[in-house]
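The values are calculated or read from the model by the stated rules, or taken from the named source; none is laboratory data. This one's a predicted model, so the numbers in the text were calculated from it and none came from an experiment. Glycine also receives a Cβ, built like all others from the backbone with ideal geometry; neighbour counts cover every protein chain displayed.
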There are 2 protein chains.
Amino acid sequence: MTFNLYFIRHGLAVERSEHTPDGDRPLTPEGRHKTERVVKRLRELGLGLDALVSSPLVRAQQTAEILTAVYRLPIETWPELAPDTPFETWLARLLVWQSENPTVAAVGMVGHEPELSNWAEILLWGGCRDAIALKKAGVLGLTIPRTVSPVGEAFLFLLVPPKILL
Amino acid sequence: MTFNLYFIRHGLAVERSEHTPDGDRPLTPEGRHKTERVVKRLRELGLGLDALVSSPLVRAQQTAEILTAVYRLPIETWPELAPDTPFETWLARLLVWQSENPTVAAVGMVGHEPELSNWAEILLWGGCRDAIALKKAGVLGLTIPRTVSPVGEAFLFLLVPPKILL
């Protein structure tokens, strides 16, 4: 038994400034527009999602809302998808989630770099060499075995920057 | 200094039979049509190639001919891209090639599975766990440092099945 995990990086957000805490930075109009086009294209291509999970940060939530508008799925928010979360913390949440959602075949997770690509590497090879690049509004697709220890057991089938999907 | 290496798996070919040696199997009409659409789409998306290398097998050569028609590049044929070639044999040829082609920024290499995805894993992580899937007429993009030992030093930026490119 396996499920597909799609890591989706948030779209382009406004720059950091004194007046905007990092977690409150929204998508730019261009970031919103490009993300909308990417998500519509994913749906057209037949990419199915049964569940949607997001980091609590504004730029991730806004990206998840774009996914919700197309996929008609509720957003589940995980603090474990926020920046600087250790892999083990996120994995513990994933394992609880997969035991609670045994029939989900494909889940989208909206989050941040470098966490998403680093976690993907650990799931694929058991370690991280910063060898994968996930662009803003890009998508990375993994097949994950439903075991208590998926580390080093995943399978990579998709890595696309948004320009491929526009 | 780096260059981009695009591994391109040949398109769908006719099945093995008593009368057709493996190396002589041509693309099916569907395989040819889908590969043509994929290659045109890659060009539309701005994927640039400066050089084109192919396995000598018929299904790879026919795939390379489709690339040639769109990219207007000559086909260089390497026996080291044929099935069952050890990674080290292919790498030795690559190192000679890169010293002879110091200005090439992007090369397409048409070959076979599981060799292409296994070699990609070795370039990325120094070993292979069969953790990457490259579909027929799919594309895998790596950035390779121009060093004498790129093993474990590459960077993955693209992995697309053909359905994303149709």
Selection within the stretch A:145-157 - aliphatic (A, V, I, L, M), surrounded by fewer than 19 Cβ atoms within 10 Å (Cβ to Cβ) and either within 12 Å of chain B (Cβ to nearest Cβ) or in a helix (DSSP H, G or I) (or both): A:VAL151
Top-ranked residue of the stretch B:147-166 - restricted to ones that are over 19 Å from B:LEU52 (Cβ atoms) and in contact with a helix residue (DSSP H, G or I) (Cβ under 7 Å, 6 or more places away or on another chain), ranked as modelled with the lowest pLDDT: B:VAL148
Failed condition for A:VAL107, given (1) more than 11 Å from chain B (Cβ to nearest Cβ); (2) in a loop (DSSP other than H, G, I, E, B); (3) surrounded by 17 or more Cβ atoms within 10 Å (Cβ to Cβ): (2)
Cross-chain or 6+ apart pairs with Cβ under 8 Å, the stretch A:140-166 first and closer than 14 Å to A:ASN118 by Cα, then modelled with pLDDT under 95 and among the charged types (D, E, K, R): A:GLY152/B:ARG129
From A:LEU123, A:LEU134, residue being among the hydrophobic types (A, V, I, L, M, F, W, C), outside any helix (DSSP H, G or I) and within 13 Å of another protein chain (Cβ to nearest Cβ): A:LEU134
Filtered residue count, the stretch A:26-36, keeping only those that are loosely packed, with under 15 Cβ neighbours inside 10 Å and in contact (Cβ under 8 Å) with a residue 60 or more places away in the chain: 0
Breaking point among (1) part of a helix (DSSP H, G or I); (2) under 30 Å from A:VAL148 (Cβ atoms); (3) more than 14 Å from chain B (Cβ to nearest Cβ), for A:THR85: (1)
From the options B:LEU91, B:LEU49, B:LEU42, residue that is in a loop (DSSP other than H, G, I, E, B), surrounded by 15 or more Cβ atoms within 10 Å (Cβ to Cβ), in contact (Cβ under 8 Å) with a residue 24 or more places away in the chain and in contact with a helix residue (DSSP H, G or I) (Cβ under 9 Å, 6 or more places away or on another chain): B:LEU49
Filtered residues of the stretch B:131-166 (kept if in contact with a Pro (Cβ under 6 Å, 6 or more places away or on another chain) and under 19 Å from B:VAL104 (Cα atoms)): B:ILE144, B:GLU153
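One line per residue, one yes/no per condition, for (1) closer than 30 Å to A:GLY152 by Cβ; (2) within 14 Å of chain B (Cβ to nearest Cβ):
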| site | (1), (2) |
| --- | --- |
| A:PHE7 | yes, yes |
| A:THR35 | no, no |
| A:LEU42 | yes, yes |
| A:VAL58 | no, no |
| A:GLN62 | no, no |
| A:LEU73 | yes, no |
| A:LEU81 | yes, no |
| A:ARG93 | yes, no |
Residues within the stretch B:55-81 that are within 15 Å of B:GLY11 (Cα to Cα) and not in a helix (DSSP H, G or I), tallied: 3
